[in-house]
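Below: one structure, written as structure tokens.
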Amino acid sequence: MNCLLILYSYHHNNTEKVAKVIAKVFDAKVKTPLQTDPDELQDYDVIGFGAGIDSGKHYKPMLDLADKLPQIIDKNAFIFSTAALTGDKKRDEDHSILREKLESKGYVIVDEFQCKGFNTNSFMKYFGGMNRGRPNSKDLKNAEEFAQNLKQNLQK
């Protein structure tokens, strides 16, 4: 299965840690939004879009890329992120803007993953941050299981 991960991770590289685990399972290439040619996405069976969450949405470079994507038909994709606050409802809210942009372009979102990430944004830096040490080994194990299950489901 030919997989590409598009990743924007810069703050503490939380999402990059998750992307490395997913990339290993899929033997996927990893690129940033700026390294990605939207037209080349047709060459992949599945595309993962991952970035940290800032103020309830994926970082701007990922959303900007989504706006530039050409219209396609039924391309499998998944979304992943790290965030200060998590949970199924929070993940659905955090991913909603990117999900809507991708679905409007013809992508089929087959699954989504989120885990906690170390956060020192805004006033948090004065208190030593939030979620120090995250993603941790358990988070990365969950990311690996997510990727294995996703790959298995896509191969059916």
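The values are calculated or read from the model by the stated rules, or taken from the named source; none is laboratory data. Not measured: the values here are computed from a predicted model. All Cβ positions, even for glycine, are placed from backbone atoms using ideal geometry, and neighbour counts span all protein chains on display. Each accessible area value is taken on the protein alone, full model and side chains, heavy atoms only, with ligands, DNA and RNA left out. Shrake-Rupley method; radii C 1.70, N 1.55, O 1.52, S 1.80 Å.
Let's see how each residue does on (1) open to solvent by 60 Å² or more (accessible area, probe 1.4 Å); (2) modelled with pLDDT of 85 or more:
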site: N121; (1), (2): no, no
site: F127; (1), (2): yes, no
site: N142; (1), (2): yes, yes
site: A147; (1), (2): no, yes
Residue hits (region 102-112; open to solvent by less than 60 Å² (accessible area, probe 1.4 Å) and among the small types (G, A, S)) are G106
Problem set entry | Test: K29 is out of contact with any Asp or Glu (no Cβ under 6 Å at 6 or more places or on another chain) and within 17 Å of E144 (Cα to Cα) | yes
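Output the residues belonging to region 41-68 that are without any contact (Cβ under 8 Å) to a residue 24 or more places away in the chain and not polar (S, T, N, Q). Full working, then the answer.
Filtering region 41-68 down to residues without any contact (Cβ under 8 Å) to a residue 24 or more places away in the chain leaves 55, 60.
Scanning region 41-68 gives a single hit, K60.
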Residue hits (region 20-40; of a type in the set (A, V, I, L, M, F, W, C) and under 15 Å from I79 (Cα atoms)) are V21, I22, A23, F26, A28, V30
With the first residue restricted to region 75-91 and required to be without any contact (Cβ under 8 Å) to a residue 60 or more places away in the chain, and the second required to be small (G, A, S), Cβ contacts under 6 Å at 6 or more apart or on different chains are none
